[in-house]
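Some notes on the structure that comes next.
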Amino acid sequence: MIPTASKGRATRHDWSLTEIEALYTQPFADLVLQAQLTHREWHAPNEVQGCVLLNIKSGGCPEDCAYCPQSAHYEAEVPRDALMDVPSALEAAAAARAQGATRFCMGAAWREAPSTGKAFDQVLDMVRGVRALGMEACCTLGMLNERQAEALAEAGLTAYNHNLDTAPEFYGSIITTRTYQDRLDTLARVRKAGITVCSGGIIGLGESRRARYGLLQQLANQTPHPESVPINLLVKVEGTPLADRPDEDPLELVRMIGTARRLMPASYVRLSAGRMSLSDEAQALCFLAGANSVFMGDRLLTTPNPDADDDMRLFNRLGMHLRPQGAEAAGASLPGHGRS
Ligand code: SAM
Ligand code: DTB
Ligand code: SF4
């Protein structure tokens, strides 16, 4: 019989690098089998959370993240826009809901959210509007102070995305304009305000496998675990310092996802950026290894993503389905959620 959800199992928050390495490097089939069994203990099998991203403020970012086309430090061709108006954002959210998405994620190319005034109020209005549509609302606005985190929580924000991206020791090779500790501090403020945490990272930056274990250790040793963990595969964008990186082996992405699933069994593990460069078969392996969330729709923030029709065809071929709308409110089919 196929194992289903089991209740009352504890998660661990004291993983050593050696333990993580042992999970990551074991024979591929052993890792994928373990990850799939863990997945079935904690989640509805064959169900995927559909999230849609909207770039509410594109380009011109003062940070120097080496992978990012929106950094003002590099020459990538991306629009530099002012903050989007609230009705346009809510129109996009309604379209996302019509496509079957349950979570709407709004990203802004800011180093930190604006401390006061119109722009921040505008974001709060977007959050309220998305929640009024019956969707989960997520924002990623850069660093937050305590007051901003509280205001977002009050507006009803479901989740805040703030990635650790890589291991502490490799971080300085990718970003110099802020520190790892800055990132951890914002995550702590988000948690304290009662907003769920969305935090993950990227592979393909030129990091060692050890740096991947280090990232996973940082995420998995938080208490509670981040409720969602996006795993991005570098999208190489011309004009950024990482544009010419060699292609990453897709099986490394599967290992990363499988290890994240083993370490953080209750969390959503999101197969995030990079799906355009993956075959359907590689994506299927990611789902087998425990990925249970994707970004849907033909754009991420500035780069292309498979369109909803392609995704539906893939889900149908795999016998998978989107997490139903309204499931969160009903508490349905998410056995592990909230117990990390
Ligand atoms: N400015 C905010 C911040 O840095 O938190 C929000 C937006 S930022 C684009 C969110 C995340 O997207 C980054 O932390 C990184 O993990 C991911 N990302 C950005 N550019 C990427 C790329 N070219 N390929 C893969 N992931 C990328
Ligand atoms: C995350 O981890 N990945 C998303 C979301 N969080 C904000 C962003 C991916 C961006 C990929 C490059 C782009 O489209 O600009
Ligand atoms: Fe700015 Fe975020 Fe891009 Fe870094 S990842 S340059 S903070 S938009």
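The values are calculated or read from the model by the stated rules, or taken from the named source; none is laboratory data. From a predicted model like this one, the values you see are computed outputs, not experimental measurements. We place every Cβ from the backbone using ideal geometry, glycine too, and count neighbours over all the protein chains shown.
Some notes on this structure:
- For Arg212: the one exception among (1) surrounded by fewer than 21 Cβ atoms within 10 Å (Cβ to Cβ); (2) in contact (Cβ under 8 Å) with a residue 24 or more places away in the chain; (3) more than 10 Å from ligand 2 (Cβ to nearest atom): (1)
- Restricting the stretch 264-280 to residues that are among the hydroxyl-bearing types (Ser, Thr, Tyr) and under 9 Å from the mean Cα position of the chain (by Cα), the residue that is farthest from ligand 3 (Cβ to nearest atom): Tyr268
- With respect to the conditions (1) within 16 Å of ligand 1 (Cβ to nearest atom); (2) over 30 Å from Gly258 (Cβ atoms), Leu90 falls short on a single one, namely (1).
- Residue count for the stretch 229-243, restricted to those that are more than 18 Å from Pro304 (Cβ to Cβ) and either away from ligand 1 (no atom under 13 Å from the Cβ) or touching a helix residue (DSSP H, G or I) at 6+ places or on another chain (Cβ under 6 Å) (or both): 2
- Boolean, Val78 is of a type in the set (Val, Ile, Thr) and within 11 Å of ligand 1 (Cβ to nearest atom): yes
- Among the residues of the stretch 215-262, none is identified as of a type in the set (D, E, K, R), surrounded by fewer than 16 Cβ atoms within 10 Å (Cβ to Cβ) and more than 28 Å from Tyr74 (Cβ to Cβ).
- Residue within the stretch 114-130 that is over 24 Å from Gly50 (Cβ atoms), out of contact with any Lys or Arg (no Cβ under 9 Å at 6 or more places or on another chain) and within 16 Å of ligand 3 (Cβ to nearest atom) present: yes
- Matching entry among Thr186, Thr177 (being closer than 23 Å to Cys61 by Cα, at pLDDT 95 or above, of a type outside the set (D, E, K, R) and surrounded by fewer than 20 Cβ atoms within 10 Å (Cβ to Cβ)): Thr177
- The single residue among Ala260, Ala284, Ala291 that is at pLDDT 95 or above, of a type in the set (A, V, I, L, M, F, W, C) and part of a loop (DSSP other than H, G, I, E, B) turns out to be Ala291.
- Unmet requirement for Ala119, which otherwise passes all of (1) at pLDDT 95 or above; (2) part of a helix (DSSP H, G or I): (1)
- When the strands (runs of 3 or more DSSP E) confined to the stretch 168-240 are screened for residues that are hydroxyl-bearing (Ser, Thr, Tyr), those reaching at least 1 such residues are found at 196-198, 228-233.
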